[in-house]
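Read through the structure below, which is laid out as structure tokens, and then see the notes.
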Amino acid sequence: MVKESIERTHYKENFIPCPDISGRQTWEGLPARLREALIHSGEQYLGHTFPTLTASDYMEFSKTGNRSHYEDRMFGKRRILNALVLAECTENKGRFLKDILNGIYSILEESTWCVPAHNTYIRDTPQEPLPDYSRPVVDLFAGETAAVLAAAEYLLRPVLAQVSPFISGDIDFRLRERIFAPYLERHFWWMGDGKGQMNNWTVWITQNLLLAAFTRPDPVLPAETKEEILQKAARSVDYFLDEYGEDGCCDEGAQYYERAGVSLYHCLDIMDRVTKGSLADIFRQPKICNIADYIRKVHIRDDRYINFADCSLRAGRRGAGEYLFGKRTGQPALSAFAAADFLKDENRLLTDEQNLYRRIVQIMYWEEMTSEGEQAAADESCPCREDGREDAWFESTGLLVSRDEHLLLAVKAGDNGDSHNHNDAGSFIICKDGTPLFIDLGVETYCGKTFSDRRYEIWTMQSRYHNLPAFGGFLQQAGSEFAASDVTCTINDGESRLAMELAGAYRLPGSDRGCVPAPDGALSLIDGAGQIRSYTRSAALIKGEKIVIQDHYDGSLPAVLSLMTKDAPCIRQTEEDQWELSFGELAVCMVTGASKLEAEDIPLTDPKLRDVWGENVCRILAEIREGIRLEIR
């Protein structure tokens, strides 16, 4: 799709993200309060000492699996540099230049821009404890660093030239050494080859590489080199798009949409602009439009999103990237949604964003988004509003999202081979009035186990901590072959329903081999003494009334259904096999078919989970014989 369009044209001009510091009309024309905020943000770091990242800091990941200590310091340096650069562009008095130069050279002097958790040359292999200077790894954060330095140099180029003729040259030298040369001379898995599975890495890194390359003057990076980069980037974007169905569903979840869908937008936008409009038609292709609008369809309320896979319930606010993606794809509902959400963001300055270019875009469209966001918020018929949003069926991943005025049902069929996968085929999320009732926990803080062969030792990845059954200890397994089958989805005015068979997610076809937890928390494949012949699930939202989950089980292994909730409901047995779960005055869930039902509190120790859910969550365990029915009102 993209490569074909790019091949019909050529690189024609450099990329101009916005006027540089000499474009005073633009910078002084920003809203007064925004200018004040940008300057104040930079003033906090006057006289700041940028930390040195040592070899022992780098090696900590290989020894303990902790990636946060190094990354927090590394990312913090870039955020601070961004704040200083934007403050100087706004004020233009030279007050921030000394600290900017200290920040630039501190980053240039780092041994590597690749984080320890990514320091490997072959996908999914153990990381090297230290970087190899002779073979730089271009990972996500080497790309982010390239974008920071390239954008900073572009914005301040006239001023830096007055300080020293070498500053821009030093930045360009490092970009050639650590980014452009390895990109052109070697193949990294995220570039794509038509065989391996692509994910957000592909467009996230490609976006940053395009930004860095096409903000370099032609004498620094010749036109023929830019053309080579352009063609290679177009191939990678096509490989990324090959991973998506026509419905545009991001199997990495809403939290990764900004690094997947929005990064795709920036890739296409930069390539379109440097070729003078060669990709204009691509923005109206159905797949691109659906990728753009995915985020609106999985929104719950406020900053909460449907959060299967490695996604947090609180998946962030929307901003300029989504707003512009909506504009380019001709989807006013998406643009209005992004603009309205932008106004709700307490950190509209994006001070926690290390990508300087994304901050620039936010600033340049600040007034326009403010105006449109205010209009959207005042318009009760605006299609960006949650209660007026249509149901969505993403066949490519097996995800149904259905809602009425009060209730929301999200059900995931699909398989356990997703990018950022959890073993959760068949699980569901239920909310009422925007409040989660039955939840998906999301993921803990990333560590050494997260992207290793020990991933499924982490409890939040396991099916027994999703809204799913276990059979005599048998859990779901990882891999695309472990999947829901016989999936049928029906959507009409009065009801939306998703039905599926889940036995195949627990065992190999024709086998009783399944996954059981060992005492140390690891998972082991064993031959079961019983059978899981069938486990069907039907999940339906009957509009204006209730949500019904109906499961049927045929097998000889004992079955226990886990139900995950944020808060422990009040549980009352009403008949022999009937139970009432009361969520205060918000909702009631009637459970029929459970021979025994009990709840347990699960203390949360991970800061990322605690930030979303608090100190505890609740797991309800329901023993079932032949089936179970849940009715939520």
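Every residue, every condition in (1) free of Cβ contacts under 8 Å to residues at least 24 places away in the same chain; (2) part of a loop (DSSP other than H, G, I, E, B); (3) touching a His at 6+ places or on another chain (Cβ under 8 Å); (4) in the same structural domain as Ile16 (by TED's automatic domain parsing), yes or no:
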site: Ala336; (1), (2), (3), (4): no, no, no, yes
site: Glu346; (1), (2), (3), (4): yes, yes, no, yes
site: Asp352; (1), (2), (3), (4): no, yes, no, yes
site: Cys431; (1), (2), (3), (4): no, no, no, no
query: Does the stretch 254-266 contain any residue that is in the same structural domain as Leu350 (by TED's automatic domain parsing) and in contact with a strand residue (DSSP E or B) (Cβ under 8 Å, 6 or more places away or on another chain)?
result: yes
query: If you check Cys384 against the conditions, is it modelled with pLDDT under 95 and within 29 Å of Tyr244 (Cα to Cα)?
result: yes
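Results for (1) closer than 22 Å to Ser381 by Cα; (2) without any contact (Cβ under 8 Å) to a residue 12 or more places away in the chain; (3) assigned to a loop (DSSP other than H, G, I, E, B), shown as yes or no for each residue.
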| residue | (1), (2), (3) |
| --- | --- |
| Lys276 | no, no, yes |
| Asp281 | no, no, no |
| Lys287 | no, no, no |
| Arg296 | yes, no, no |
| Phe308 | no, no, yes |
| Gly316 | no, no, yes |
| Glu322 | yes, no, no |
| Lys327 | yes, yes, no |
| Ala333 | yes, no, no |
message: Among the residues that make up the stretch 240-249, is at least one of them in contact (Cβ under 8 Å) with a residue 12 or more places away in the chain and under 21 Å from His118 (Cβ atoms)?
response: yes
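Given Glu252, Glu258, Glu228, which one is crowded, with 20+ Cβ neighbours inside 10 Å, touching a residue at least 12 places away in the same chain (Cβ under 8 Å), of a type outside the set (A, V, I, L, M) and in a helix (DSSP H, G or I)?
Glu258
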task: Scan the stretch 457-487 residue by residue and report those that are among the acidic types (Asp, Glu) and either on the phi > 0 side of the Ramachandran plot or assigned to a helix (DSSP H, G or I) (or both).
output: Glu457, Asp486
message: Can you name every one of the strands (runs of 3 or more DSSP E) wholly within the stretch 535-590 that holds 1 or more residues which are of a type in the set (Ser, Thr, Tyr), surrounded by 17 or more Cβ atoms within 10 Å (Cβ to Cβ) and not assigned by TED's automatic domain parsing to the domain that holds Tyr465?
response: 559-565
message: I'd like to verify a number: residues in the stretch 400-443 that are among the basic types (Lys, Arg) and more than 18 Å from the chain's Cα centre (by Cα), how many?
response: 2
query: Going through the stretch 187-234 one residue at a time, which ones are charged (D, E, K, R), over 27 Å from the mean Cα position of the chain (by Cα) and at pLDDT 95 or above?
result: Arg216, Glu224, Lys226, Glu227, Glu228
task: Output the helices (runs of 4 or more DSSP H) that fall wholly within the stretch 1-89 and possess 1 or more residues being out of contact with any helix residue (DSSP H, G or I) (no Cβ under 6 Å at 6 or more places or on another chain) and among the aliphatic types (A, V, I, L, M), or say none.
output: 32-43, 55-64
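The values are calculated or read from the model by the stated rules, or taken from the named source; none is laboratory data. These figures come from a predicted structure and were not determined experimentally. Don't worry about glycine lacking a Cβ; one is built from the backbone with ideal geometry, like all the others, and counts go over all protein chains shown.
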